[in-house]
Structure formats: C-alpha cells, structure tokens
Amino acid sequence: MKRLLLMLLLAWLSISFYSGIWLFMSGFLLMRIELGNQSQCSSPPSAAPHLQDARCWFPQRFDKAVIVIIDALKYDFAKYNPENDNPKPYENKLGEIHRLCSAQPRHARLYPFRADPPTTTMQRIKGFTTGSLPTFVDLGSNFASYAIQEDNLIHQMVSNGKRVVFMGDDTWDGLFPKKFYKSYFFPSFNVKDLHTVDDGILQHLYPTVDGGDWDVIIAHFLGVDHCGHKHGPDHPETAKKLMQMNQVIASLIEHLDDKTLLVVAGDHGMTDTGDHGGDSEKEVTAALFLYSKAPLFAEQLKTEAPAVPQVNLVPSLSLLLGLPIPYSNLGGVIDDLFGWPEDKVSALLSKTTAYHINVQQVARYLDSYSRAAGDLPAEKLRALADLFTSLTSEYEQLMSQRDQLSEEELEIHLQRILQRQQSYLDQARHVCMESWARFHPMHMLMGCIILLTSCFFCYIIAEAGSVLSLPYKNLLGYPLLFTISVTSALGLAVWTSGLALDLVTVCAAATLIFQISFYFNFQAKKSSPSRRQTHPVYLLLSGPCVVLLFRCCSLFSDSYVVAEGSVAPFLLTSLLTVTVVKLHWDGKLLLPTFTPLGSESLKPSLTPAYRRDGSRLMWLLAALGICVRLSGFFHNCREETPDCQPSSFLSPLSSIRDPDIKNVSYVFCVVFLGFMVFLVRKWLQHYGNLNIASPLVLYVRWGFPLIVLGIACYWAVSSGTEDSLAKLKELTHLALVACPRAIYAMAGLGLLLILWNPITVFMKSRVSDPDNTVTTYRGAPSSEAELQHVIPQIYRKMQRTLKSRLQHGGEGEDGKKGVSVEAYGLGSVYSAAMVITLSILTLVLILLHSERMTPAFLLLLLEAVIILHIHGHVTNLYSEGVELFSVPWYSVLAWSLAATQNFYSTGHQPVFPAIHWNSAFVGFQEGHTNNIVPALLVAANTFSANILFSAGSCLLLLWPFLCEAPTGRRRKGKKEKEGGTEDEETPMMEMRIREDPDRFSVALLQLGTKYLFIQGVQLLSCVCAAMILRRHLMVWKIFAPKFLFEALGFAVSSLFLLLGIALVLRVDCAVSNWFRNLTLQQNR
C-alpha cells in the first residue's frame, strides 16, 4: 500500500471529524467577541443641544437604587389572579406586588422579563449588567477568569462615584472582582441548601438600607431557584420561599424614600421540573417589578404590561441614575420610564431624546464590533446603517425646527421618529440575536450525523483487510471528483434560484456527498470476487466494546463527568486485568504437554506448568496499579467538588516558603528529570541504537543532558523569590527568557535531525565467509519489489554471521574468511526513532508544567511502557506469524484510556478555570505580539497526555516485534516442521516488517483508524450529551466544557497521530534506502 494513500486516508477521516465538530459548534456554541471599549460621561455618542445642563448623557432622576434579584423568579410566580380560588403552590404568593400595582398604578408596574438563552445564572447576570447577549464562549482578552471584561453597569456605577453594596450569590464575586464598596458573598453551589444565602442577605439588608452608606444595593436571593432544583415549582417549599420574598418586598418599601428606585427581577424562569438553561418559553420568561414612592409612570396601564427584554433594563437604569449606557449594550430603554412630564409633547420629547441617545450608543457599538469581527451579516448591517443615518438626520432637523412647529405637528413628528427608533433598536438586537443567542438544531443534528458516519468509516476501514491495497485513485480520487461535481451543480442550482445558503451548509453537504460516494466505491471494490473477505463483527460482542460502551454512556451523566478522573484509571486497570485473565482462560499461559510420539498437545496435565509470561504479566499488572495509584496524587479539583483539595504539586516551587523544603523539592525534581533521560538512554543502549556517531545519536548523548541542564537552570531561577534576586533582576529576566527559548530551539533541532536521518544503526565490516549477502538477484536490486525480498535475507545473514563469529572466535563455521557486515540496532530502528521523538516532546511538555509535576510525567512514561509490555506479551502469546501486524482493539482502547487518565493525572480538568494559563508565558515573560504562540503553548500544556499517547500510538504496532521470543516464530507449514532451521528460530524483531511492507502499511492504517474510531466515539458521545441535555441545569457548566475539551483533545490527538505515523513512514523509507545503499556497496 502506498504511503501517500495511507496518509491521505487518515487525513480525510480526520477532516471529516473536524467538519462534524465545526458543524455542531456552529449550532450549539453561542459565540461573540468582547470589546474593551467603555462609555464615558465626557464622551456621549451624540450631543443633544437641549440637554446641555445634564451632568452626564441624560438628566438623573434617582439618586439611589435597590436591586433585588430573586433567582428563577418566573413571571407566573409574580403574577396574581384574585379569581383563582384554588392556586397552585407557586401561584398568588407575591400579593404585595399585586397590591402595589393596583393601589399605586403610577408608582408600581410588573412586566414579563424576557431572558435570552442560555438561561443560566452567570450568563443572565452578564446580560442585565452589560446589556449585550452573553454566550457560552465570550472571546475576550482574559481567558483565565470568568470576570466580565467589557463595559457594564457595575463598572459605570463605580467609575462615577456610586457606592455599590452587594449581598448574596458568590457568582458575582467572580464576575466583578473587587468592584463593590461592601460585599457579603455566600456560597451558591449547593442547590439543596434553601436558606443559607437568603438568611445571610436578610441579616445585612435592612441595617445597610437604614445606615445610608450606599448608593446602590444589589441583593441576589437563591432560595426560589434552589427550591425549584430540589423540589420543583409545584411544591409547598416553593410556596414558603415565595411568601418569604413577598415579605422582603413589603419590608423594603417601608425603608425607601422618594429618590430611591426599587427593582425586583428574576434572572430566568424554570421548567415544570425546576430546571433551566435552555430556550423554552417557561425558562426565558422571568418577572420584572419596578417601584418608586415618587410617581414613576406618566399614565396608568389599562392592560397587562408588554414584555420587556432583559437587556432593556441596562440602558433604562443607566439613564435614570445619571450614568452612561455601557458601550456594548444592545437593549432599548423602557419608554414608560421616560414619559414623566405632565404634558404629552414634553413626555414624547423626553422619550425621543432617551431613544436618540440609546440609538446613537447602539450604532456606535455595532460599528466597532463589525470592524473587530465578521460574524454579523453585511447586508443587514448596511440596512441598519442606512436607517440610522436617516433617523439621525430627521431627529437633528426636527430639533432645529421644533420652535417653528405647532404642538400637533411636533407630536406627529415625534411619534414617527419614536416608532422608527424603536424599530432600529429591535432590528439591531434581532440581527445580533440571530448570530449569537440561538441554537441551530439542524446544524447540531448534521454535525452528529457526520461524526457518526466518520466513526463508521473508521470501523469498516479498520476491519477491511486486503481491500486497503487499492490504489488511491479508486479510494479517494473518484469520490473526490464526484463530490466536486455534485457540490458544484447543487451550488449553481441554488445560486440561480436565489436561495440563501451559508458556508456551513455547503461544507456539510460536501462532506456527506464525499462520504456516501466513498462508501459505495469502497463496497463495490471490496465485494469484488478477487477481494471478497468476510470479517466477523466481533467488536460489539467483545470485552473492549463493553468498556467503551460503558464509558460513552456514562458521558451523559454530569456526576460521571465530574468524577471521570477517578473512573478512567479503574477502567484501564480493569480492561488489562480482564485481558490477562482471558489469556489464562484460553490456556495461553500453560506450557504444552508432549505425547510419547512427540506430537504437541495443548491439553494441560494434572499439574500444569506455566510459562514465565504469566508471572511477568502479574508483575506488570501490579506495577501498573502502583503507577495509576501514585499518579492520583497530582490531581486538580473542580468547583462542583467543594470537599476536594487540589494537589500541592500543582503549585510551583516559588510558592513554597520554607527554603529547606524548596531546596529538597528542587533536587528531587531534577533527579526525576535526569532519571527519565537515563532510562531512555539505557533503553537505546540496550538495543544497540547508541553506537553510531551520527548527528542524531550525538544529539541523544549530549543534547538530552543539555536540555535537562537548561530546564534545571530555568527552575532554579523561576523558583527564587523576587527579593533574593533583586540585585540580579536583569540577569534573572534574561535567564527566564533565554533558557526556555534555548530548550525550544534544542527540541526543534532534535526533531529536524530525526526527519533528516532517523537511522540509528551502526554498521561494521569484518572478515568472514565470502558469501556475505544472500540474494536471488544479480547485482543491485532494480525495483522496490526486489529490494523488499532482499532485505529479510540480508538481515538473517547478518544474524548468522554475528552468531557464528561469537561461537567460533571471529571466523565462520567453516573457517573461510571474507568481508561480512554487522549492523547494531537494526532490529529496533523504528522504535528508536519513536522513543527519541517522544523523549524530546516529554522534556518540552515538562518545561510547560509546574516543576513539581515532573514525577507525574515519569509515571506517565512508566505506565505507557508497562502497557506496551503487557500488549507485547499478550500479542506474542496469541499471534501466529502475520498476526503480529494486527493491533487488537483492547490495546488501542487501553492506550486511549491511559491518555484520558493522564490528562487528569497531569493536573488538568475539562473546565476553563483549571487551564494552566501560566504556560503561555514560559519563555515569553514580556507577553506576546499575537495569539498563536500562547494558544499553542497552552494547548500543549493542557493536552500533553493526548500528544504523547497519540504520537506514540505506533509503538503498539512495533512493540510486539521487540518482544518477539526466539522460539515463538516457527511457521506452521509441513515443510517448516520437518526442516526448520536456525534462521527461523532467531527473532527478526522489527525487520520482520520488511518481509511484507504492504501489510505493514495496511497495519499502520488500521491502527490509525482504530485509534480515531475510539476517540471519535467518545467525542460523539459528548456531542450527543451536549445536544440532548442542552436544557439541563449543568449543560454550560459541565457538558459544554466537556464537549469543548473533548473536541480540542480529538483535534490534537488526530494531528499527532498523523505525525507519528508519518514519522514511522519516514523511518521505513530511510531503512529502504539504507539497505539499498548496503546492497550497492556489496556488489561493487
């Protein structure tokens, strides 16, 4: 099989997965870019000549405000129906709101309060403080914190001298760190606790209001929300909590004066089961109650108040309190609040002016956002810009001519402008909402389908067998031409019909067309008489399938995702233990008994004798259990596990205050690092790959110690305190930059040397028998087929010559002398290149982590070696000849589980706060000029386990050849049994690959597709969990982050899987050239 076809197939499968991920993300993740611009009183978006006396953008109406947020206050909870004689537990409990609205209609009003999805508390707080449409992924400048970076109400209050006092949900502490004049935070995670937060607020609320040392009070109650989660809305506990909130509102009103505005709002609603997070009507409909002892509204409403979008509260509060509207606001003012002058024309003029300021602010934001991002439709933006220009011109013209118009004419003009202003704000918000704040179910479903079909293709290719030797034009060329033709025809048809078709839909259609055409072409070639091959669908009935199915189904459980770091090690050890037990069950660990006639019988005797492999496997399982247990000491914790304490090893050495402990820790870290390099060199030396004086071997001998020295120096400098190094500040800063960059350069040099010449074979000529090269061809091989036939013969002859020289003191068995060639390290030439590459990657990844995480990486490498040894022993006991070329499913699954387990064991969690952001500045103390380098460094730190295990996955194919037993490779044909020779008993190790290079290429492809299949199935499970549970309470806290990390981990794993296979193919090419040159030399 051609190397190009192998890489093209794997690349195509990876791209298919990427297409599915991208398509799903376009429908699931709600994304926008955060702008850092901020509004200021001194810089209004547009000057209003008749408001020159205003201190800020608009005349201030209230000096103070009390904002009461009742979490999950559904509109049905606040609405009162006096005719309802048999109310449900959540109905008619807020009687104070109804009393005030009825008795004082110009002072109090209740609105339906429309929230934008996702309806989670954190996103809703962002919504009614920024006025924008927050999403799950807000791309801002600071990824390490949940803190709101863009302009918001809290920032404007503090910047303009307001004393803001907060009490309640501690989520605000993370969103607005160190912003409050006074704060009383209470833990909010335990949804079963109905009273701690509310009682804590009530303890401070009334004394604070009466004390007067405040301008704005924000109280966030959680009892109603927790009642919904614990009991549901239709429960007596919900009724009790609502009655408590009713008493809070009644008591607060008694403490307010005429210059204070009371705002009571719910951040979201809830479903009938008490959940929220999605976009259903019950989830997005909250309640908003406004009250003031001074008249607040110009007239009394005769019908129910219209629904108010949640973002409209931001500009309304800003102008009422005399503050600038936050820069990123998309809401429109609540016009009822700005019609307070008695006469109708003055009220209209006040409303129009407030709307004019609002429109100018929104237009300024859209202009800035469109320059920074391109995710808003250009045509709709142009239409909005034209409407804005027309509005501004009409308003300014009316203001300049208003003294010349009668009241009736002025009223008509103002009404028309007011309607157009409201239309502009509605359209602007609608355009942004379409892009940011709506799920796209069809995109999500199509993404799932593409991921599912990609997994299916991985499976059928992994089980295809000899059909994979088809030329690449049959497997990929024809489907590609067909896809281009059909997609072009469909695109032309859609374009001529005038229908709108986005790029995502086009890519999805192209991907599906290619997959369908590939499948039919693949099946047609596979089912041809010459290539028909039956494969039992055994995967669904095997032990690995049970483990994989359990893991995938468990990803639908939020508690499993939280505890995955503890479950993955259990699954790994259980899978390998069951594999070894099955080996014993099948009798593979028993020595065969012999009948008197000498024929072998696998039937055990009464006292069966066991192979030495059995005891070795038991020791390996015990060692694996120890490594897994020790790696648990390097864990990190999630917010959902408050009793968990993060490992102290996650903190750097500089955090240790005791100098003696710091020095001892530093020495141990350096020792562990040196021990890793020592083990790698001993392994290479054991297999004879350190004998040649090539640049790569010299790099291993001297480059590895230099990298260790550079890392040790960097640790020494970075762990010192600033006071102790104050006199050497410039030199310290230079070392913090120079050492990591030197290590990056050394690592890059090593990778280039591997690509240039990965051969680590020492060739030596000696005097021996003249028949030094056995070949059936005269002269040098003239074709690749001839060379493939020659290579195994050359290697066997080298083995016989070396063995004969050892037995006969330097001469051949017959005493004849000639020139012979001895090669050291040829049997492990493939694995040596992989081990050197993985060692380089490991050293760089250790540099990106905390110093005290070095033992975790040592355990990772030891665990990988143990898995490889178990796999090698099991494969050699089961395999017969060519079966060595097939990597079983259990090994690939164990390798994948080890990657997952070590993701957690290197101090990571699939949540954004657990990301090690400091790794972005290793070697870049002064920051970055772009986002690419820090993103690569953070990704390398986060997915270090994925990188190492995916890049080293080819060792699963190579390792059994290294573990090949000397007497375990006899062929079973009759001729071989009768006349077996010493050549057949001598292990060829990795040179057996050269006996069938096409089979080796197919084995690499099957290994790659198996690994992609397992990773893809796990990704598909996360995608389905996020889609199905998108209205789950924890979707944005657990399932969405898990999906993102799984998707990014898959991208990293697939990329390094391709690079690892490409490296093996590069070594294979170099080995072919090495033997070709050797043959040419021997025939001169």
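The values are calculated or read from the model by the stated rules, or taken from the named source; none is laboratory data. Since we're looking at a predicted model, the values are computed, not measured. All Cβ positions, even for glycine, are placed from backbone atoms using ideal geometry, and neighbour counts span all protein chains on display. For the accessible areas, the whole protein counts, side chains as well, though only heavy atoms, and no ligand, DNA or RNA atoms are used. Shrake-Rupley method; radii C 1.70, N 1.55, O 1.52, S 1.80 Å.
For the range 381-426, the average shadow cast by the Cα convex hull is 3.0 nm², which is a quarter of the hull's surface. Annotation: the range 989-1084 has a Kirkwood hydrodynamic radius of 16.5 angstrom, from the mean reciprocal C-alpha pair distance. Scaled to the globular estimate 2.2 N^0.38 Å, the Cα spread of the range 635-686, given as radius of gyration, is 1.64. The listed residues ARG852, ARG999 rank as ARG999, ARG852 when sorted by accessible area, largest first, using a 1.4 Å probe.
Taking only the Cα atoms of the range 182-320, the radius of gyration and Dmax are 16.3, 44 Å.
For LEU861, what is the net charge nearby, where nearby means another residue's Cβ is under 15 Å from its Cβ and Lys, Arg count +1, Asp, Glu -1? After counting each charged neighbour, the total is +1. The loop-placed chymotrypsin sites (Phe, Trp or Tyr not before Pro) in the range 176-273, going by DSSP, that have at most 14 neighbouring Cβ atoms within 10 Å of their Cβ come out as PHE189. Pairs from the list LYS182/LYS241; LYS64/LYS88; LYS79/LYS240; LYS662/LYS682 with a Cα-Cα gap above 28 Å: LYS64/LYS88; LYS662/LYS682. Residue order by solvent-accessible surface for MET618, MET7 is MET618, MET7, largest first, with ligands and nucleic acids left out and a 1.4 Å probe. Computed over the Cα atoms of the range 148-222, pair by distinct pair, the Kirkwood hydrodynamic radius stands at 12.9 angstrom.
In this view, the solvent-accessible surface of TYR459, computed with a 1.4 Å probe and all protein chains in place, comes to about 40 Å². Between ALA935 and HIS430, the modelled label-to-label distance comes to 3.4 nm, taking each label 7 Å out from Cα in the direction of the beta carbon.
The label point for TRP619 and the one for LYS380, both projected 7 Å from the Cα toward the Cβ, are 6.8 nm apart. Only loop residues by DSSP count here, and only those with at most 11 other Cβ atoms within 10 Å; note down the trypsin sites (Lys or Arg not before Pro) in the range 176-216 that meet that. Here the sparse-neighbourhood loop sites are LYS178, LYS192. Heavy-atom accessible area, probed at 1.4 angstrom with all protein chains present, ranks CYS1022, CYS507 as CYS507, CYS1022, highest first. Looking at the range 260-364, the trypsin sites (Lys or Arg not before Pro) that sit in a DSSP loop and have at most 13 other Cβ atoms within 10 Å of their own Cβ are LYS302.
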